[in-house]
Amino acid sequence: MKFGIVVFPGSNCDHDAYHVAKHVAGQEAVFLWHKSTDLEGVDAIILPGGFSYGDYLRAGAIARFSPIMKEVVRFARSGGPVLGICNGFQILLEAGLLPGALLRNESLNFVCKYVHIRVENTDSIFTRSLFKGQILRIPVAHGEGNYYADEKTIQDLEKKNLVVFRYSTDAGEITHACNPNGSVNNIAGITHPTLNVLGMMPHPERCAEDVLGSRDGLGIFQSLIRWYRSSAANAAKEEECLEI
């Protein structure tokens, strides 16, 4: 499987994502420069965390207009998996690939710590190696992670089971105290109805090895690889049937 990690001016988690994809998960990985329009034949795209374009105007607002994003949107709409982490989530919202907005944290402070999130949806490309109700210990590091959307959008997300991760206690309880940023309904990550686009504030690439204190984030990368292998196997079967 070939991962493409988009690099914007101000990205600071691009090398982390590359390291996990290539050296931990053992897959091919390339960097995709924000000015490029060539996705180089990747099978999945990661929009990494950081401060793209210095977060000027608002987080993700300028990155959304980078030349590479036209290709990312086209890739996503054709069914390709796109994972937006932290600032990458903000960019996905600005690009219209996911609904809602990320506001300043409720505390108005930058939050950087380990939190717990509960897996709510295992149907997406990114969670099929996890189980529903599983609790992941995973770090966050953001100043604008407070997910917000109008009431109808929230109802749709909940009704269609598009909330993928929710901030919880280590026992899986959903409380205001365990919500690090004030996100509505403790939402930590959401997916598109087609289940191939995921935006999440926590950083799975920062907890994919035991040396980092948790390897709970590795399951997201393993899920992508599992999806790819399954897709490749199905494609091979279809080709075999056509030959017959």
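For the structure I just gave you, tell me whether GLU173 is without any contact (Cβ under 8 Å) to a residue 24 or more places away in the chain, assigned to a loop (DSSP other than H, G, I, E, B) and among the charged types (D, E, K, R). Here the answer is yes, as GLU173 does meet what is asked.
Filtered by the rule that a residue be of a type in the set (A, V, I, L, M) and surrounded by 18 or more Cβ atoms within 10 Å (Cβ to Cβ), segment 204-228 gives ALA208, LEU218, ILE220, LEU224, ILE225.
Of everything listed in (1) free of Cβ contacts under 8 Å to residues at least 60 places away in the same chain; (2) buried (at least 24 other Cβ atoms within 10 Å of the Cβ); (3) out of contact with any strand residue (DSSP E or B) (no Cβ under 7 Å at 6 or more places or on another chain), the single unmet condition for TYR147 is (3).
Within segment 38-47, one or more residues are surrounded by 21 or more Cβ atoms within 10 Å (Cβ to Cβ), touching a residue at least 40 places away in the same chain (Cβ under 8 Å), among the small types (Gly, Ala, Ser) and assigned to a strand (DSSP E or B). Of all the numbered requirements in (1) acidic (Asp, Glu); (2) free of Cβ contacts under 8 Å to residues at least 60 places away in the same chain; (3) surrounded by fewer than 18 Cβ atoms within 10 Å (Cβ to Cβ), ASP123 misses one, and that requirement is (2). GLY4 falls short of the stated requirement of being among the small types (Gly, Ala, Ser), in a loop (DSSP other than H, G, I, E, B) and closer than 25 Å to SER231 by Cα. Would segment 152-171 turn up any residue that is surrounded by 14 or more Cβ atoms within 10 Å (Cβ to Cβ), in contact with a Leu (Cβ under 7 Å, 6 or more places away or on another chain) and at pLDDT 95 or above? The answer is yes; a qualifying residue exists. Step by step: first the residues of segment 7-33, then only those that are without any contact (Cβ under 8 Å) to a residue 40 or more places away in the chain, touching a strand residue (DSSP E or B) at 6+ places or on another chain (Cβ under 6 Å) and outside any strand (DSSP E or B), then the one that is farthest from ARG226 (Cα to Cα). Which residue is that? Per the criteria, the residue is ASN12.
Against the definition (at positive phi, crowded, with 21+ Cβ neighbours inside 10 Å and not aliphatic (A, V, I, L, M)), how does CYS86 come out, yes or no? Yes. One residue alone among ASP210, ASP170 is of a type outside the set (Gly, Ala, Ser) and closer than 12 Å to LEU136 by Cβ, and that residue is ASP170.
Residues considered: PRO81, PRO67. Of these, the only one that is on the phi < 0 side of the Ramachandran plot and touching a Ser or Thr at 6+ places or on another chain (Cβ under 6 Å) is PRO67.
The values are calculated or read from the model by the stated rules, or taken from the named source; none is laboratory data. No experiment lies behind these values; they were computed from the predicted model shown. Note: ideal-geometry Cβ built from the backbone for every residue, glycine included; neighbour counts use all protein chains shown.
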